[in-house]
Every structure is written in C-alpha cells, then in structure tokens.
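Novice: Mind looking over this structure? Questions follow.
Each value in this text was obtained by applying a stated rule to the coordinates, not by laboratory testing. What you are looking at is a predicted structure, and each value in this text was computed from that prediction instead of being measured. Cβ: placed from backbone, ideal geometry, glycine included. Neighbour counts: every protein chain shown.
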Amino acid sequence: MGNLAVMSDTVQRDLPRTRTPTPKRSVFTRIVRVIGWTSIGLGLFLLGFLFHQLFVTTFFAQRANVALEAEAVEYFEETEVSQVPYVPTGVQEAPAEGGSIDSSGPTGPDQPVGGPDEPKFIFIEGQPDRGQAFAILTIPKIDRLSDGWAIVEGVARSQLKTGAGHYPTTPLPGQPGNSAIAGHRTTYGAPFHNLEILVAGDTIEVETALGVSIYEVRETVIVRPTEIWVTQDRPGAWLTLTTCHPKLSSRQRLVVFAEMVSGPNYETIYG
Amino acid sequence: MKRAFLSLPGPMVVKVILAIIIVVVALIALNYIYDWMGNFLDSGGNIG
C-alpha cells in the first residue's frame, strides 16, 4: 500500500505540467475592449485639454502679466511724450450695430482746432513695438481687472497669450479716435472673462505714458468675428474692448464701447 | 508601460534617457495640439 502511494507520487511528479488554456476571446469582446480603452484615452485627452486651457494657460499668463505690468511701468518712464497740433478726425456719427464707418480720414479743415491763431495741442507718445507692454487696463467693477492688466501692442496669438492686445491699426489709448483692445475670455488669464457685466456708465481706466485716461461705457454689442467696423475710427476719443462670445466659444464677439470722460487729452478733444 | 520601457534598446541608463526624451517630446507635442484646439474655445477675441 505504502509502495503504491510512493509510486503514484512519482508518476504525478514526472508528468509534464500542462497550462490551463486561456479562453479565446470572441471578436465581440475584442471590439468592446478596443472601444473601452479608446474611450478612456479620449476622455483623459479631453480632461487634459480642459485642464490645460483653463488652468495651465492662466497660471502662465498671470505670471507673465505681472512681469508685463512692471515692463509697462518702465516703459512709461522711458517713453518720450510730445505735443502736436490736434486735428480732429472721423467726425462721422458712430454707426449702429452692423453698420459701417467711412474711414476716409479727416473731414474737417486740415489745421489745428481753434483756428490758426489759437491751435490746440494733444499729447502723444511713440508707437510701441509689437509685443511691448505699454499700458495698464483697470476696470474697478471686474475683480480680475481691478488691480490692472497689462496691454501689449498687437493682437497676434502670441501677444494675446500674455496680455490684452492693442490693435496696431487703431490709435493708442488716451489719444483721439477709436482705440481697440482684444482679450481672452476663458483662457490665458481670461482678462475679459466677465466683460458682460459692464453696463452704460461703468468706468474703465487706462494708464499710458501720457497719464491715466478714464472712459465711460456707452454701449455693449454682440457681433460676428468679421465685423471690423467696430474697430474703425470714431469722432472724439473711444476705447473699444473686444472678446469672444459666448464663453468657451469663439463663434461671436462681445464688444464694449466706452467714451473718454477724463484724461490728459480730454480737454483738447472735447473742449 | 513596464513592457514598453523594457523594450527600449540598450542598457538601463540608455533606456531611462530614451524614456525621458520620449516623454518630453510627447508633452511638447501635446501642448501644441492643446494650444491649437484652444483656438476653438477662445481665439483671443480679436476681430477681422
């Protein structure tokens, strides 16, 4: 009996070990597996995208903007301000939504306001280089902008990543005409995130090398991204802010028109 | 992941260096793709 048990053990030990065959997956299971992993991958990719756009870009833009504000203050000190005779331009009425402006240039006499005996002068500064921080925008009603946000020259993507961008074809803030500024709504610091809360009468301040100019909101409109009339010249001194609309979409543009109510050139332009 | 790492050529040091390079390149590429896609979320608000 004992011998039989030993022999049985030996036989079992000598038998080749066989692996349990894994069940073959059906085509359906494989397809479901591929779809599942693809969905997980796509979901992670999109979550990463949202995290990148809403937080990573804002983190870097806010850091960059602090440096740009310091750069703007330096620019104020270094920039030469001069006075030139004031010739009003674009005396046409401001257009209604969707309208257009004839930007054929000055329509009044080509001489300083007040006649040849009594010319008026405005303060001007040189055109900043592309990407240069040259002004600070402050909107007390909007938390994000209540401490100021640097404005850089240019509205290319690279320039708008760090600050609000000034359209180079429009006058500089604080000067006569329509100075237009674009800014992100939801990414890259989103300086214009809550621009829609501005209503007629709210104030916007812009500090440049000339000093602080204060504008008062007159109108807010929503237009298509191709409606360039909003940046065209206007009589007086205006500030036009443009941003994407609605939030998380670049389908339309939210535009805020504000008119100068105070500043180094106010008396000359409106006096 | 471990299998992919072990399948990289060369000794362990080379594998580690290659893995770091691949991760950095992938992150840079991902950043560019996200940046391009972000244009649809918020193009900067400029007109024209």
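Novice: Report ³J(HN,Hα) in whole Hz for each residue of the stretch A:238-250, in order, from the Karplus equation J = 6.51 cos²θ - 1.76 cosθ + 1.60 where θ = phi - 60°; Gly and Pro get x.
Specialist: Each residue of the stretch A:238-250 in turn: 10, 10, 10, 9, 10, 8, 6, 8, x, 4, 6, 8, 10 Hz.
Novice: List the residues whose amide H sits under 5 Å from the amide H of A:Gln252, counting only those 5 or more places along or on another chain, with H placed 1.01 Å from N in the peptide plane.
Specialist: A:His245
Novice: While we're looking at this one, here's another question. Using packing as a proxy for protection, rank A:125-132, A:30-37, A:224-231 so that the peptide with the highest average count of other Cβ atoms within 10 Å comes first. Working shown, then result.
Specialist: On the way: A:125-132: 15.4, A:30-37: 10.5, A:224-231: 17.2.
Ranking, from highest mean packing down: A:224-231, A:125-132, A:30-37.
Novice: A further question on this structure: Order these by the 10 Å Cβ neighbour count, fewest first: B:Met12, B:Met37, A:Met260.
Specialist: Starting with the residue having the fewest Cβ neighbours, the order is B:Met12, B:Met37, A:Met260.
Novice: Amide H neighbours of A:Val261 under 5 Å, counting only residues 5+ apart in sequence or on other chains, H built in-plane at 1.01 Å?
Specialist: Under 5 Å from the amide H of A:Val261 lie the amide H atoms of A:Ile214, A:Tyr215, A:Glu216, each far enough along the sequence or on another chain.
Novice: To the nearest whole number, what is the average tally of beta carbon atoms from other chains within 10 Å of the beta carbons of peptide A:214-227?
Specialist: Taking all residues of A:214-227 together, the mean is 1.
Novice: Sequence-distant or interchain residues sharing an amide H contact under 5 Å with A:Phe121, placed H: which?
Specialist: A:Tyr86
Novice: Counting partner chain Cβ atoms within 10 Å of every residue's Cβ in B:29-41, what's the average?
Specialist: 5
Novice: Would you please give the FRET efficiency between A:Phe55 and A:Lys24, computed as 1/(1 + (r/R0)^6) with r the Cβ-Cβ distance and R0 = 45 Å, to the nearest 0.05?
Specialist: Working: r = 46 Å, r/R0 = 1.01.
Rounded to the nearest 0.05, the efficiency is 0.50.
Novice: Take every residue in peptide A:244-256, count the Cβ atoms of other chains within 10 Å of its Cβ, and give the average of those counts. Provide the component values of the computation, followed by the final result.
Specialist: Numbers: counts 6, 1, 0, 2, 3, 4, 9, 2, 0, 5, 1, 2, 0.
Mean number of neighbouring Cβ atoms from other chains: 3.
Novice: Using the per-residue mean of other Cβ atoms lying within 10 Å as a proxy for protection, in what order, highest first, do the peptides A:41-53, A:186-198 fall?
Specialist: For the peptides A:41-53, A:186-198, the packing ranking is A:186-198, A:41-53.
Novice: Taking chain B as the reference, fit the longest principal axis to its C-alpha atoms, fit the long axis of helix B:12-41 to the helix C-alpha atoms, and give the angle between the two in degrees, 0 to 90, nearest 10.
Specialist: So the inclination is approximately 10 degrees.
Novice: Give the separation of the Cα centroids, the stretch A:46-64 to the stretch A:151-182, in Å.
Specialist: Between the Cα centres of the stretch A:46-64 and the stretch A:151-182 lies a distance of 23 Å.
Novice: Next question. Counting every Cα pair in the stretch A:171-246, what percent are over 19 Å apart?
Specialist: Tail of the P(r) past 19 Å holds 38 percent of the pairs.
Novice: While we're on this one: Beyond 18 Å, how much of the Cα-Cα pair distribution for the stretch A:129-174 remains, as a whole percent?
Specialist: 27 percent
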